[in-house]
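Participant: Sending over a structure as structure tokens; questions will come in a sec.
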Ligand SMILES: C[S@@+](CC[C@H](N)C(=O)[O-])C[C@H]1O[C@@H](n2cnc3c(N)ncnc32)[C@H](O)[C@@H]1O
């Protein structure tokens, strides 16, 4: 009963932030000079934040030939928003690597806090949900690759050596947990796939206490490990719903 109440309380607070932090407040946190019709393109309000990624790619030139890496895609919303963003800017959609277990969340690292709604298996959705979104977007089959399984199994060094994984223009983290985020970032930095010019977006920065759990802790540890520096491109929301976008400025260690 207490756990049921805690879940309801978490969702109540999460939905309140989504309501109170309107898209205008998101735009206040960016230095993009959008016209009113461009603002109107943000059709799902704050949930459209990924539509700003192409703007930043255009501004910073990104990583030439860089690809998109999305972690946590089963529901199709991440892919849908990103693709619409590129198309509405008349920009080509970069090749996309789409990673998900389709089994929902794994267990978090013992001792690391999680919100009550993040139980094992939470947010699972079948692969055909993602495939339906891709079909509705009409993405050519050679423009994306679905990597089904746990990140630790699908992020293979062989695929870097074979040239399947190319440097990342954009990395989208929507896998919630500290351990999932750490695995992904560690692999991408260790194989020089994240480099200066890569943009990294976090969907669940604020769901946990900051710096001791969740995406913020993984980000901090990995930036320290690889001596990487980032510039913050946007910050939106307050706990428990914070979205962040960073530009990698420099990386010292490999
Ligand atoms: C909140 S959902 C993401 C929703 C997302 N916006 C979308 O478009 O589907 C989190 C996703 O991360 C996946 N996930 C989390 N940790 C993972 C891991 N270590 N390996 C594989 N998938 C993982 C889950 O299966 C789940 O689909």
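Participant: For the range 186-199, which residues satisfy the criterion of being within 16 Å of the ligand (Cβ to nearest atom) and either more than 24 Å from residue 62 (Cβ to Cβ) or surrounded by 24 or more Cβ atoms within 10 Å (Cβ to Cβ) (or both)?
Facilitator: Taking the range 186-199 as the starting set, the residues that turn out to be within 16 Å of the ligand (Cβ to nearest atom) are 186-188.
Residue satisfying the conditions is 188 alone.
Participant: In addition: Check off (1) assigned to a helix (DSSP H, G or I); (2) within 16 Å of the ligand (Cβ to nearest atom); (3) in contact with a helix residue (DSSP H, G or I) (Cβ under 9 Å, 6 or more places away or on another chain) for residue 132 and give me the number that stays unchecked.
Facilitator: Result: residue 132 passes all but (3).
Participant: Which one is farthest from residue 211 (Cα to Cα) among residues in the range 243-254 that are without any contact (Cβ under 8 Å) to a residue 60 or more places away in the chain and under 14 Å from the mean Cα position of the chain (by Cα)?
Facilitator: The first filter runs over the range 243-254 and keeps only residues without any contact (Cβ under 8 Å) to a residue 60 or more places away in the chain, leaving 244, 246, 248-250, 252-253.
If we keep only those that are under 14 Å from the mean Cα position of the chain (by Cα) as well, we get 244, 246.
On the way: 244: 14, 246: 16 Å.
Restricting to residues being without any contact (Cβ under 8 Å) to a residue 60 or more places away in the chain and under 14 Å from the mean Cα position of the chain (by Cα), the top hit is 246.
Participant: Would you please name the residue that is modelled with the lowest pLDDT, looking only at residues in the range 12-24 that are in a helix (DSSP H, G or I) and loosely packed, with under 13 Cβ neighbours inside 10 Å?
Facilitator: Going residue by residue through the range 12-24, those that are in a helix (DSSP H, G or I) are 12-20, 23-24.
Keeping just the survivors that are loosely packed, with under 13 Cβ neighbours inside 10 Å gives 12, 15, 19-20, 24.
Values: 12: 94, 15: 94, 19: 91, 20: 91, 24: 84.
Taking the candidates together, the pick is 24.
Participant: Another question, then. Among (1) more than 14 Å from the ligand (Cβ to nearest atom); (2) surrounded by 14 or more Cβ atoms within 10 Å (Cβ to Cβ), there is one condition residue 138 misses while meeting the rest; what is its number?
Facilitator: (2)
Participant: Could you check the range 81-105 and list, in sequence order, the residues that are surrounded by fewer than 19 Cβ atoms within 10 Å (Cβ to Cβ) and assigned to a loop (DSSP other than H, G, I, E, B)?
Facilitator: 89, 90, 91, 92, 95, 102, 103, 104
Participant: Looking only at the range 1-30, count every residue that is without any contact (Cβ under 8 Å) to a residue 40 or more places away in the chain and under 16 Å from residue 238 (Cβ atoms) and tell me the total.
Facilitator: Within the range 1-30, the first condition is being without any contact (Cβ under 8 Å) to a residue 40 or more places away in the chain, and the residues that meet it are 1-2, 4-5, 8-9, 12, 15-16, 19-20, 22-24, 27-28.
Now drop any that are not under 16 Å from residue 238 (Cβ atoms), which leaves 9, 12, 15-16, 19-20, 22-24, 28.
Final tally of qualifying residues: 10.
The values are calculated or read from the model by the stated rules, or taken from the named source; none is laboratory data. Everything quoted here is computed from the prediction, not taken from an experiment. Using ideal geometry, Cβ is built from the backbone for each residue, glycine included, and neighbour counts are taken over all protein chains shown.
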